[in-house]
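Novice: First the structure, which I've put down as structure tokens, then a few questions once you've had a look.
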Protein chains: 2
Amino acid sequence: MSLLFKNLRVHQVFGANTDVGKTILTSALVRASAAKKNQVFYLKPVSTGPLQDADDEHVKRYAGPHRALVNAHCLYRFDEPRKEGARNVVVPTDDAFITSVASYIRKCASDPVTERSHMYVETAGGVHSPTLSGTTQLDSYRPLFLPTILVGDSRLGGISSTISAYESLSLRGYIVDSVLLFQDEYYRNWEYLEPYFAERGVKVSTVDPPPPREADPGRNFIVTEEYYNKITSEHNTGGLLNVIELLDERHEGRIKELHSMPQRTLNTVWWPFVQHGLIKHEGDPSSPSAASSVSLLESQFDGSASWWTQTLGHAHPALTLAAARAAGRYGHVMYPQATYAPALRLAERLVHEGPGKGWASRAFISDNGSTGMEIALKMALRVASKKFGFAPQEQKKLGVLGLKGSYHGDTIGAMDACEEGVYSCEWHEAKGYWFEPPSIGIKNGRAFIEVPSAIAPERVEGQPLSWIYNVSARLGTSLATAYRKHIDMALRKWRIMVPLFTGLWRLGLRSAAPLLGAYPDVSVYAKILTGGMAPLAVTLASDDVFRAFEGTSKTEALLHGHSYTAYAIGCEIANETLDQLEGLARGDSWKAAQVAWKAERGEKEMEKETVVDGDRAVWSLWSPQFVDALSKLGIIDQVMSLGTVLAFKVTDNDAGALFRFASPFFVL
Amino acid sequence: MSLLFKNLRVHQVFGANTDVGKTILTSALVRASAAKKNQVFYLKPVSTGPLQDADDEHVKRYAGPHRALVNAHCLYRFDEPRKEGARNVVVPTDDAFITSVASYIRKCASDPVTERSHMYVETAGGVHSPTLSGTTQLDSYRPLFLPTILVGDSRLGGISSTISAYESLSLRGYIVDSVLLFQDEYYRNWEYLEPYFAERGVKVSTVDPPPPREADPGRNFIVTEEYYNKITSEHNTGGLLNVIELLDERHEGRIKELHSMPQRTLNTVWWPFVQHGLIKHEGDPSSPSAASSVSLLESQFDGSASWWTQTLGHAHPALTLAAARAAGRYGHVMYPQATYAPALRLAERLVHEGPGKGWASRAFISDNGSTGMEIALKMALRVASKKFGFAPQEQKKLGVLGLKGSYHGDTIGAMDACEEGVYSCEWHEAKGYWFEPPSIGIKNGRAFIEVPSAIAPERVEGQPLSWIYNVSARLGTSLATAYRKHIDMALRKWRIMVPLFTGLWRLGLRSAAPLLGAYPDVSVYAKILTGGMAPLAVTLASDDVFRAFEGTSKTEALLHGHSYTAYAIGCEIANETLDQLEGLARGDSWKAAQVAWKAERGEKEMEKETVVDGDRAVWSLWSPQFVDALSKLGIIDQVMSLGTVLAFKVTDNDAGALFRFASPFFVL
């Protein structure tokens, strides 16, 4: 829910450490903003300790001659937690907390007194100091992605803590507009930090350090007031007014950039899958709102889970850190005939514990699903050519058996494994034969299976959904017989087929193979494998397939590779994604869903093994009751759900997605 | 030069901040290691301040009853830098510094007193505290990649600084074996840090805090000695002996892992381009050394710049931070019909300021050079089909014009744009015609150009190298006439050709186009674009090419895409790589090389514009004198150098690389 308003410039203030002067510098920023005739909002979302010492009270006290423009607020006020008999209100959840902060900011944006308002949101402690819920500051405020001011540490050791805090902010995608710190003349940290940050495009500004605290409150007020007056005065060249100007510039630059991006994109970018001829106006790409009190940035619902690549939410911190760690440790690794931990670990877990368990012997890594499929094709072509001793001219005519409507990526070879369609290019040559697949679904609370009416007219119904996957029990139905006959006839032209299956937890299992009771010789995993962060694909192969490329000459090897094959960032992200997915698969929410679907099947006891073969593996994160109710709606033609997936077809609109297994079958 | 020895366990000690107890805890580790009968080396590479207060002196003083096993050493001893009249020795360069640290560690490894030795290398200040040369600790010690102990901060704010320091270490690829901190009973930071780090696979251990410093030196020695005695005693369950065991385990695990990796790799990994049948023994993948005093990890010379992907050295910190920043800010972005800063910025700079300047209008982003080429092929096929109104059957027969020996990636479509060869698969169909390219080189100090003798027998020589690129002046030579005739004859079968050029600074220019005085309609950039970190490719296209896909129906669009098209990590790394390359191109070392080659050409003045068109752009980072001398060696058949590239062919060994422009030409 990133927030950005045209007329309200909001900055969040993080500290490189506790006690670096965050409140003093934020107070001074508030006062300087007001001195420049801006309405100013100061928000300290959480305040701990006695009211008279609260930061918002301090800000009000020293708001200066333009105090009428200043509003200082706290959302959650707690007593000192360790104090005996402390009166503490309930600690909000992270979601409730961030929602209330966002609401407050939106309210301020819609409540203008002056043409331009400023807002400073002060965090507590250092960048990673825990909130009361236990999340650290950085992760807690991250949904708002507010532009950031980092208050550096001017003390001994402050160079290190300032740079580290900056790196923690960067690692979570915060953009630092300004580093502010006291001009301590003994340690002179700014002398090092100024050029260091300038190289990284961040301006460091220094401010005179505050006077020592006076014991007498009256006297303390006077010297403090004098100090604030000095550092926010126009005559102080090194003062804060320059910082205000910098922050204004950054804010205006950000809005200008945002407004210019749609047209600039239309001028220079060539999007995949998009007919640019249909996009004439700059409003056509997602365009910022016009109303000044509405945030220019708003959350969007990601209805396709980002092309089915998302698993753990966008920019999950564990995946971010994995990317950073692999980049920092390895950079590039020359993979052929060398080994390194992230690639080896990924290969081993996919082959031995993951979807390859029980059948695969090797993992071949490439860059994306389409290249992963090209590698699978090369494997299948070689195995078939060797097994049947085809001559080169016969080899060129080898085709794949697949399912109608299947699609394996856009490279020309992968497209040749599909029928001709709108996605094929001039060179396309459909190499193979594609069967009409059976369809499965739920309608009016009953599971059904059907094939195109030309093959068999009737739809077979059963109950519950797991009945569909009791494959052996269904083999005797007349529908199965009719479909078998259809396939037998088509196969007279062909030889052997080797199924390729996929899944990787999307359907609630490591692989779809146990669900169908058949194991492949080759399978390809991509998309979900890297949780949306970076492209990577793995083609798993059985030992027979691997041995077909073994020999004494390099020309017999699988001579396919990419410069970045098994690159460290991709492999490490994949490992972290699989760690997280396996954690989810063992976790309570998956177990509860499995119990619910087990009850639906009429089974009473929960087995220890959460993922079992065949029909028992039929379960979904969507409840049986919800799926049942959906299937009974008039507007719904059919619904299907397995694992994380819910698909439905709308009666009046054929554009609704019909869920089907679109796995190709290779001729060998 | 990562160091790892079988019989010497080395750990580097970093601090989350200054004054967190690094020296106290390292002293205690030394004493505990000795108490367990290990020979112990303590190294404080840089010590500042008076000798009696030096950390190595402290370690010796409190080495405990097994002090005979302890050796404490300092490599560079400086007076307090800010002290008046300080006696400071010369500050070593980063390279000299790390070489001397590595030498000392190697010496200790080869000097065994006991079967197993331990070593602790203590850094100064926090993780990012500057060394005397100005580099921060983390970057300075990074070449050694020693396993790491992080001393956490037990004070107020210490949770944040400990986590941030850990993230800075991770971002540079350090592996943290242990987090150690004082068990401060008031702030109790360990209570938060223990589960936080456990989730990340790192064990947090706490140690009793030290007693307050006594004013009387004798008394201070007694209480300090008592303290060290207590925390290193076997009876102290929470003490340091457990930490020693953990570090030993980690060390042994590391070595076991390293030794098992070759065989495990042979069992599970399917490498690209490798004939597994030729690799029978586990020693065949790069295998650790057997001698215990030799490091199990050693630097390797990366002779191909990691398949020509490297530009700035492995795992450059700026690229690492770019990867982290993009991962943290964006995660995944659904690119079609949406825009976001890293992708837009990359498209704009390549089209308007980079290699597309003057001819390109659009950037189409994909995952690697091979997919980038497939997109280029689809563009060319569409343009040709539209321009000449080819029917679908004619479109399938369209071919490319290219150069013999060219190679554009391994996907089946990209391979079809090459002649049949060992890299082609069963489906391969060579679609096009490939010319013998002219060869250029330097022999005996003279530049030459030649074509295969069947086309024209003579080799034409000239001087200096820039003469080769004075294309217009050479058009009248008999060699040019003969080659033109050869091409004209071949072209009677074909229509128009559109050249594709590449370069992207590798040859010292943004693009090779100005060098040849011809501009392309389509060009593809990958490899160097992301500095070796992550795969990405950009296909640039002219406006005519882009308009060939414009229309009112989506089916006319370029329907090619990948789930991770224009993914944030890739685009941000590319932008950072280009920033760095442009900085190099403006920098002193490139300017000096350009001046040297200008002098070689007999030109006296240095022009303001560092990169100019045509023959003036002929320069290399290898000096003219070196290239000249190399070309005169008997063993060298020919040499060629441009920009960053030096290529040579060895007389007796045809396997040497002959540099040639291998750009395809498209039929339109």
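Novice: Assuming residue B:195 fulfils every condition listed in (1) surrounded by 15 or more Cβ atoms within 10 Å (Cβ to Cβ); (2) within 14 Å of chain A (Cβ to nearest Cβ) apart from one, which condition is it?
Specialist: So residue B:195 meets the others, but not (1).
Table: residues versus (1) touching a helix residue (DSSP H, G or I) at 6+ places or on another chain (Cβ under 8 Å); (2) basic (Lys, Arg); (3) within 20 Å of residue A:127 (Cβ to Cβ); (4) surrounded by fewer than 17 Cβ atoms within 10 Å (Cβ to Cβ).
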site	(1), (2), (3), (4)
A:15	yes, no, yes, no
A:20	yes, no, yes, no
A:30	yes, no, no, no
A:38	yes, no, no, no
A:43	yes, no, yes, no
A:58	yes, no, no, no
A:69	yes, no, no, no
A:110	no, no, no, yes
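Novice: For region B:545-580, what are the residues that are free of Cβ contacts under 8 Å to residues at least 40 places away in the same chain and under 20 Å from residue B:522 (Cβ atoms)?
Specialist: B:547, B:550, B:551, B:556, B:557, B:559
Novice: Now, a different point. Looking only at residues in region B:316-325 that are at the interface with chain A (Cβ under 8 Å from one of its Cβ atoms) and open to solvent by less than 10 Å² (accessible area, probe 1.4 Å), which one is farthest from residue B:578 (Cα to Cα)?
Specialist: B:324
Novice: Checking residue A:129 against (1) within 11 Å of another protein chain (Cβ to nearest Cβ); (2) modelled with pLDDT under 95: exactly one of these is not met. Which one?
Specialist: Exception for residue A:129: condition (2).
Novice: Report every pair of residues separated by at least 6 positions or lying on different chains whose Cβ atoms are under 6 Å apart, first residue within region A:421-437 and farther than 30 Å from residue A:482 by Cβ, second acidic (Asp, Glu) and open to solvent by 50 Å² or more (accessible area, probe 1.4 Å).
Specialist: A:428/A:420
Novice: Does any residue in region A:239-263 that is in contact (Cβ under 8 Å) with a residue 24 or more places away in the chain come within less than 8 Å, Cβ to Cβ, of a residue that is open to solvent by 70 Å² or more (accessible area, probe 1.4 Å) and outside any helix (DSSP H, G or I) six or more places away or on a different chain, and which pairs are these?
Specialist: Qualifying pairs under 8 Å: A:241/A:36; A:241/A:234; A:244/A:36; A:246/A:203; A:255/A:6; A:262/A:282; A:262/A:286.
Novice: So how many residues does region B:624-640 have that are charged (D, E, K, R) and open to solvent by 60 Å² or more (accessible area, probe 1.4 Å)?
Specialist: The number of residues fulfilling the criteria is 1.
Novice: Would you tally the residues in region A:529-565 being under 13 Å from residue A:311 (Cβ atoms) and either within 7 Å of chain B (Cβ to nearest Cβ) or open to solvent by 10 Å² or more (accessible area, probe 1.4 Å) (or both)?
Specialist: Adding up the residues that qualify gives 2.
Novice: Which residue is farthest from the other protein chains (Cβ to nearest Cβ), if the candidates are limited to region B:385-414 and must be buried (at least 23 other Cβ atoms within 10 Å of the Cβ) and over 13 Å from residue B:432 (Cα atoms)?
Specialist: Ranking the qualifying residues of region B:385-414, first place goes to B:408.
Novice: If residue B:434 meets every condition in (1) more than 7 Å from every other protein chain (Cβ to nearest Cβ); (2) within 31 Å of the chain's Cα centre (by Cα) apart from one, which number is that one?
Specialist: Here residue B:434 clears every test but (2).
Novice: Just one of (1) part of a strand (DSSP E or B); (2) under 20 Å from residue B:213 (Cα atoms) trips up residue B:11, so point out which.
Specialist: Going through (1) part of a strand (DSSP E or B); (2) under 20 Å from residue B:213 (Cα atoms) one by one, residue B:11 breaks only (2).
Novice: Quick one: which residue in B:525, B:483 is at pLDDT 85 or above, aromatic (Phe, Trp, Tyr) and open to solvent by 30 Å² or more (accessible area, probe 1.4 Å)?
Specialist: Residue meeting the stated conditions: B:483.
Novice: Of (1) free of Cβ contacts under 8 Å to residues at least 24 places away in the same chain; (2) open to solvent by less than 10 Å² (accessible area, probe 1.4 Å), residue A:337 satisfies all except one. Which?
Specialist: Every listed condition holds for residue A:337 apart from (2).
Novice: Out of the residues in region B:292-303 that are open to solvent by 30 Å² or more (accessible area, probe 1.4 Å) and not aliphatic (A, V, I, L, M), state the one that is nearest to the other protein chains (Cβ to nearest Cβ).
Specialist: Per the criteria, the residue is B:302.
Novice: Restricting to region A:204-222, give me the number of residues that are surrounded by fewer than 14 Cβ atoms within 10 Å (Cβ to Cβ) and either farther than 19 Å from residue A:58 by Cα or among the β-branched types (Val, Ile, Thr) (or both).
Specialist: 1
Novice: Continuing with this model, one more query. Would you mind stating whether residue A:102 is under 33 Å from the mean Cα position of the chain (by Cα) and in a helix (DSSP H, G or I)?
Specialist: Considered against the rule, which asks whether it is under 33 Å from the mean Cα position of the chain (by Cα) and in a helix (DSSP H, G or I), residue A:102 comes out as yes.
Novice: Among the numbered conditions (1) open to solvent by 20 Å² or more (accessible area, probe 1.4 Å); (2) under 25 Å from residue A:385 (Cα atoms); (3) in contact (Cβ under 8 Å) with a residue 12 or more places away in the chain, tell me where residue B:444 comes up short.
Specialist: (2)
Novice: Now for a different question. Looking at region B:146-163, which of the residues that are of a type in the set (Gly, Ala, Ser) and touching an Asp or Glu at 6+ places or on another chain (Cβ under 7 Å) is farthest from the other protein chains (Cβ to nearest Cβ)?
Specialist: B:154
Novice: For region B:164-184, name all the residues that are more than 7 Å from every other protein chain (Cβ to nearest Cβ), free of Cβ contacts under 8 Å to residues at least 40 places away in the same chain and charged (D, E, K, R).
Specialist: B:184, the sole residue that qualifies.
Novice: Could you grab me the full set of residues in region B:415-428 that are in a loop (DSSP other than H, G, I, E, B) and more than 7 Å from chain A (Cβ to nearest Cβ)?
Specialist: Matches in region B:415-428: B:417, B:418, B:419, B:420, B:421, B:424, B:428.
Novice: If you don't mind, another one. Any chance region B:331-349 includes a residue that's within 7 Å of chain A (Cβ to nearest Cβ) and under 21 Å from the mean Cα position of the chain (by Cα)?
Specialist: no
Novice: Give region A:24-39 a look and list any residue that's touching a Lys or Arg at 6+ places or on another chain (Cβ under 8 Å) and β-branched (Val, Ile, Thr), or say none.
Specialist: Passing the criteria: none in range.
Novice: In region B:495-505, what residues are in a loop (DSSP other than H, G, I, E, B), open to solvent by 50 Å² or more (accessible area, probe 1.4 Å) and either closer than 17 Å to residue B:398 by Cβ or modelled with pLDDT of 75 or more (or both)?
Specialist: Answer for region B:495-505, where residues must be in a loop (DSSP other than H, G, I, E, B), open to solvent by 50 Å² or more (accessible area, probe 1.4 Å) and either closer than 17 Å to residue B:398 by Cβ or modelled with pLDDT of 75 or more (or both): B:495, B:496.
The values are calculated or read from the model by the stated rules, or taken from the named source; none is laboratory data. This structure is a prediction, so every number in the text was calculated from the model and none was measured. For neighbour counting, all protein chains shown are included, and Cβ atoms are generated from backbone atoms with ideal geometry for every residue, glycine included. Ligands, DNA and RNA are stripped out before the accessible areas are found, and what is left, the full protein with its side chains, is counted by its heavy atoms. Shrake-Rupley method; radii C 1.70, N 1.55, O 1.52, S 1.80 Å.
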